[in-house]
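Coordinate-derived values only; no laboratory data. Note that the structure is a prediction, hence the values are computed from the model and not measured. A quick note on method: Cβ atoms are made from the backbone with ideal geometry, for glycine too, and the neighbour counts reach across all protein chains shown.
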Ligand code: DAH
């Protein structure tokens with residue numbers, strides 16, 4: 001018996017395996033119920049009493065050895081398998097293409113608008129979104145009791161000692177620029193604006209505008225009309241017509257709103273333009289002399305025009321986006337549609 005154990009010990013110590021299957025075979029061969037080691041335990045009954053102690057110890061040692069050896073082989077085979085797997089990686093393969101993001105539709109349209117005005121000599125000016133009363137309202141000739149100064153319409157950050165608020169329009173960049181520069185001034189001011197509105201498909205508490213301003217000697221309403229006609233045709237196609245309707249803004253005099261011929265039906269009348277053939281796109285006018293004077297520009301020497309429009313509005317006209325909330329929800333299915341657009 002002792003000899004058997006000795007031989008088996010040597011045999012087990014020398015075991016090798018190259019796959020998990022082989023390890024399993026070895027486990028069955030030595031350690032299963034009918035395995036070699038287990039059968040030795042059965043023979044233990046026949047061992048003479050005086051040898052039982054020694055043989056018992058050796059048998060137990062053999063069983064431990066076999067269990068440990070087989071576990072070690074199992075780990076060894078698994079580790080070898082992993083590194084073989086790693087070697088299979090083909091570093092010469094071209095990388096898996098990863099999807100590139102697309103530009104946001106509002107950025108696409110804003111850039112297109114800026115491009116058109118830059119071809120007419122306009123440069124970009126920017127200003128802060130957190131503003132004061134002077135730049136958003138007072139310098140722009142808003143009366144003290146104008147409703148826009150109400151909490152209902154404007155987000156105020158503090159009202160004491162001075163009104164600090166989120167700008168409600170990019171016209172504030174007009175006055176900031178006029179205070180800083182001497183004419184001629186020819187700028188467009190793109191940016192985000194905020195209004196205290198309930199969010200719906202047709203209104204949002206923030207949106208984007210582009211403001212335009214041109215101040216020089218002898219700037220006339222005809223110059224304004226020409227610039228806007230050029231813009232409309234570049235943006236919506238060479239057949240586009242414009243029409244100016246008298247309107248009111250505190251900072252321009254005279255003021256107008258501009259419509260373009262409906263770009264969906266070409267002006268014939270459809271559901272989109274409520275069968276009028278026209279859709280409104282912007283407000284504009286000649287800069288009020290009070291505004292020029294408030295910014296330190298001599299209104300007897302200089303005149304100018306200004307206009308302002310919503311980037312969402314132009315984007316809706318171009319791409320028929322029905323719900324304003326789509327622009328800020330960042331649903332990739334919506335955003336990816338503009339991949340092909342540019
Ligand atoms: N600031 C106006 C608004 O937010 C838009 C506007 C109208 C801007 C007329 C102008 C302008 O410069 O002349 O509704």
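Could you tell me the convex hull volume per residue, in Å³, taken over the Cα atoms of the stretch 262-314? Before the final figure, lay out each step's value.
Details: hull volume 5.6 nm³, N = 53.
Taking only Cα atoms, the stretch 262-314 has a hull volume of 106 Å³ per residue.
Order of 233, 159 from fewest to most other C-beta atoms within 10 Å?
Values: 233 16, 159 11.
Final ranking by Cβ density, sparse to dense: 159, 233.
Expressed per residue, the C-alpha convex hull volume of the stretch 84-218 stands at 241 Å³. Against the empirical curve 2.2 N^0.38 Å, the C-alpha radius of gyration of the stretch 29-91 lands at a ratio of 1.76. Here each label is just a point 7 Å from Cα along the line to Cβ, and for residue 96 and residue 201 those points are 3.9 nm apart. So what's the stretch 100-169 giving for Cα Rg divided by 2.2 N^0.38 Å, two decimals? That works out to 1.49 for the stretch 100-169. Pair-distance distribution P(r) for the stretch 139-260, from all Cα-Cα distances in 5 Å bins starting at 0: 2, 8, 14, 20, 21, 17, 11, 5, 2, 0, 0 percent.
What Kirkwood Rh does the stretch 1-145 have if only Cα atoms enter the pairwise 1/r average? Answer in Å.
On the way: mean 1/r = 0.0425 Å⁻¹.
So the Kirkwood estimate lands at 23.6 Å.
For the chain, the longest principal axis of the Cα atoms and the long axis of helix 49-87 meet at an angle of about 30 degrees. Label positions at residue 158 and residue 130, each projected 7 Å from the Cα along the C-beta direction, are separated by 0.9 nm. Compared with the dominant principal axis of the Cα atoms in the chain, helix 171-180 is inclined by about 70°. Grab the beta carbon distance between residue 337 and residue 268, set R0 = 30 Å, and tell me the FRET efficiency rounded to 0.05. That pair, residue 337 with residue 268, gives E of 0.65.
Annotation: the residues 176, 119, 325, sorted from fewest to most other C-beta atoms within 10 Å of their own C-beta, follow the order 119, 325, 176. Between residue 180 and residue 68, the contour length at 0.36 nm per residue exceeds the alpha carbon distance by 31.9 nm. By the helix-only formula, in which each DSSP H run with n ≥ 4 contributes -39500 (n - 2.57) and the sum is divided by residues, the chain has a 222 nm mean residue ellipticity of -12500 deg cm²/dmol.
Applying the Kirkwood pairwise sum to the alpha-carbon positions of the stretch 87-127 produces a hydrodynamic radius of 14.3 angstrom. A straight line joining the Cα centroids of the stretch 228-286 and the stretch 37-52 runs 106 Å. Applying 1/(1 + (r/R0)^6) with R0 = 41 Å to the Cβ-Cβ distance of residue 245 and residue 85 gives a FRET efficiency near 0.05.
Modelled spin labels at residue 38 and residue 298, positioned 7 Å past Cα toward Cβ, are 11.2 nm from each other.
Computed with the Debye formula from one identical point scatterer per Cα of the stretch 197-324, without solvent, the log10 of I(q)/I(0) at q = 0.11, 0.18 Å⁻¹ comes to -0.44, -1.01.
Rounded to the nearest 10 degrees, the inclination of helix 221-236 to the longest alpha-carbon principal axis of the chain is 30 degrees.
Ordering 275, 104, 169, 135 by the number of other Cβ atoms within 10 Å of each residue's own Cβ, fewest first, gives 275, 104, 135, 169. Restricted to Cα atoms, the stretch 133-202 shows a radius of gyration and a Dmax of 13.5, 42 angstrom. Histogrammed with a bin width of 20 Å, the alpha carbon distances of the chain distribute as 23, 33, 8, 12, 16, 8, 0 percent, first bin at zero.
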